[in-house]
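What follows is a set of notes on a single structure, which appears directly below.
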Amino acid sequence: MPQRDAEQRPPGMGRRRRPVAALPRWCGPSIAFVLAGVLGGLGYGLYAPATYTANAFVLVVDDVGPDRAGPAALSFAQLYGRLAPLEETLRYSELPLPDAPPGSTREHVRASTSPDTPVIKLAGSGRTSREAAAFANGAADALVRYGTSHRADTGVRVAPIGHAAPPATPSSPNLPLGVAVGAASGVLLAGLSAAVLSARRRPDGGADLRDASGPEAVVPGGTPAERVEEGS
């Protein structure tokens with residue numbers, strides 16, 4: 001009887017559970033890289049020193065005289081934008097610049113121009129909001145005075161159109177951006193590691209196929225199985 005057979009079946013002889021498929025070898029390193037990237041971005045966003053940025057603006061204007069036409073202000077705006085962060089140009093400022101190591105003032109001033117308008121944006125950066133505004137306003141004052149000193153030669157003048165105010169919040173670090181960049185870096189490293197491990201992994205050989213000249217197979221009764229020759 002099937003029911004009696006089930007009752008007489010010793011414990012542990014029930015249905016066998018299907019083995020759980022093991023995760024690929026590349027999963028562990030990939031997850032570790034992603035987590036490391038996220039934690040690295042989070043740590044940078046939380047513990048990196050704050051940096052403030054303030055912006056000042058100047059305008060390059062054609063100085064048109066009665067006997068000549070002024071040169072293109074756009075061309076000189078591009079030129080002055082490249083000269084603004086230089087130490088030689090910043091020395092023209094009569095506004096006090098924050099203390100900085102020699103040769104490092106240029107790291108606190110960035111100038112950007114537009115191909116459509118003769119406006120130069122001077123961005124000052126510093127550890128405090130007042131320091132950032134001081135760098136921006138000092139660079140703007142220096143550029144105005146530098147342009148005035150060369151006005152007779154260039155035919156253009158530089159005028160301030162916007163002073164920098166101390167910013168209320170730092171421009172960096174940005175916590176969401178830091179986490180996103182860290183996660184993206186982790187995903188990139190995870191993909192590279194997965195590709196390397198997959199390339200090194202040996203392919204599955206499948207069933208063990210033996211050559212006809214190999215050892216004879218053994219049947220359940222213990223007697224060697226007869227070889228089956230091709231063509232017979």
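The values are calculated or read from the model by the stated rules, or taken from the named source; none is laboratory data. What you see is a predicted model, and the numbers here were worked out from it, not measured in a lab. Virtual Cβ from ideal backbone geometry, glycine too; neighbours counted across all protein chains shown. Protein only, heavy atoms only, side chains kept; ligands, DNA and RNA dropped before computing areas. Shrake-Rupley method; radii C 1.70, N 1.55, O 1.52, S 1.80 Å.
Computed quantities for the displayed model
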{"quantity": "Yes/no for SER114 being surrounded by fewer than 13 Cβ atoms within 10 Å (Cβ to Cβ), under 29 Å from ASP63 (Cα atoms) and small (Gly, Ala, Ser)", "calculated": "no"}
{"quantity": "LEU97 of a type in the set (A, V, I, L, M) and farther than 15 Å from ALA56 by Cβ", "calculated": "no"}
{"quantity": "Test: residue in region 42-52 that is over 26 Å from THR169 (Cβ atoms), assigned to a loop (DSSP other than H, G, I, E, B) and either out of contact with any strand residue (DSSP E or B) (no Cβ under 7 Å at 6 or more places or on another chain) or modelled with pLDDT of 70 or more (or both)", "calculated": "no"}
{"quantity": "Answer from TYR146, TYR52 - the residue that is closer than 18 Å to ILE161 by Cβ and either open to solvent by 60 Å² or more (accessible area, probe 1.4 Å) or among the hydroxyl-bearing types (Ser, Thr, Tyr) (or both)", "calculated": "TYR146"}
{"quantity": "The listed residue being farther than 16 Å from VAL58 by Cα, assigned to a helix (DSSP H, G or I) and either more than 25 Å from the chain's Cα centre (by Cα) or among the polar types (S, T, N, Q) (or both), out of ARG130, ARG145", "calculated": "ARG130"}
{"quantity": "The lone exception for SER193 - which of (1) open to solvent by 40 Å² or more (accessible area, probe 1.4 Å); (2) over 28 Å from ALA72 (Cα atoms); (3) among the hydroxyl-bearing types (Ser, Thr, Tyr) it fails", "calculated": "(1)"}
{"quantity": "Options VAL109, VAL119, VAL158: the member that is in contact with a helix residue (DSSP H, G or I) (Cβ under 8 Å, 6 or more places away or on another chain), open to solvent by less than 20 Å² (accessible area, probe 1.4 Å) and closer than 20 Å to ALA73 by Cα", "calculated": "VAL158"}
{"quantity": "Odd one out for PRO66 among (1) over 14 Å from ALA142 (Cβ atoms); (2) at pLDDT 90 or above", "calculated": "(2)"}
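Here is a yes/no grid of residues against (1) at pLDDT 80 or above; (2) open to solvent by 80 Å² or more (accessible area, probe 1.4 Å); (3) farther than 18 Å from ALA152 by Cα:
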{"residue": "ASP62", "(1), (2), (3)": "yes, no, no"}
{"residue": "PHE76", "(1), (2), (3)": "yes, no, no"}
{"residue": "LEU90", "(1), (2), (3)": "yes, no, yes"}
{"residue": "ASP99", "(1), (2), (3)": "yes, yes, yes"}
